[in-house]
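Input: a single structure, listed below in C-alpha cells.
Please treat every number below as a calculation from the coordinates, not as lab data. Everything numeric in this text was worked out from a predicted model, so none of it was measured. Please note: Cβ atoms are built from the backbone with ideal geometry, for glycine as well, and neighbour counts cover all protein chains shown.
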Amino acid sequence: MAETYWWGTGRRKTSVARVRVRPGTGLIEINSRPMDEYFPRKTHRDQVLTPLKAVDALGKYDVLVKAEGGGLSGQAGAICLGVARALLKADVAFAEPLRVGKLLTRDSRMVERKKYGLHKARRAHQFSKR
C-alpha cells in the first residue's frame, strides 16, 4: 500500500519550498537534513513549527521539505506556508486555526530593485558641500 502524503508549496521572497506531510512521529527533514542542523537559529525553527502548533499537531505528522532559492529566512517563511497548505489538505478542520494565525496568506513583499543614480534602491549619494 502506498503511503499517504499531502503536498503544499510555499513561497517567500525568492525561496520556494515543496512540502510533503504524512502521518508520523514528528520527524522534520529539510533537504535531507534534520531541521536543527539546517536552521541553526531558533527563530527559523519556531517559524517552521508555527502551523503544527496552531493545529495542535506537533509529533503527529512527519514533514519532508525540498527548499531552494533565497536565504534561510525566506526558506523558513516558505516552509511555514507550505506546511500550512499541506495540513489544510490533510484535514479541512484545520482551516480555522490556520486562518486565524494568518498562516495561509502568502507574504508578497519582494526586494525593491536598485535604481540608476542611487547607491541602493532608495539610498542616494551623500551630499558634499565642498
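Share of antiparallel DSSP beta bridges in segment 6-100, in percent to the nearest 5? Write down the numbers at each step before the final one.
On the way: 17 of 20 bridges.
Of the beta bridges lying entirely in segment 6-100, close to 85 percent run antiparallel.
In the structure shown, do any of Lys66/Lys120; Lys13/Lys120; Lys13/Lys115 have a Cα-Cα gap over 24 Å, and if so which? Table pairs above 24 Å Cα-Cα are Lys66/Lys120. For the chain, relative contact order (Cα pairs under 8 Å, six or more residues apart, normalised by length) works out to 33 percent. Its DSSP H runs of at least 4 residues, each contributing -39,500 (n - 2.57), put the calculated 222 nm mean residue ellipticity of the chain at -9500 deg cm²/dmol, to the nearest 500. For the chain, the longest principal axis of the alpha carbon atoms and the long axis of helix 72-90 meet at an angle near 30°. Between Ser108 and Lys42, take the C-beta separation as r, use R0 = 22 Å, and let me know the FRET efficiency to the nearest 0.05. E(calc), rounded to 0.05, equals 0.25. Exposed loop sites were defined as chymotrypsin sites (Phe, Trp or Tyr not before Pro) in DSSP loop states (anything but H, G, I, E or B) carrying at most 12 other C-beta atoms within 10 Å; in the chain the longest segment without such a site runs 1-115.
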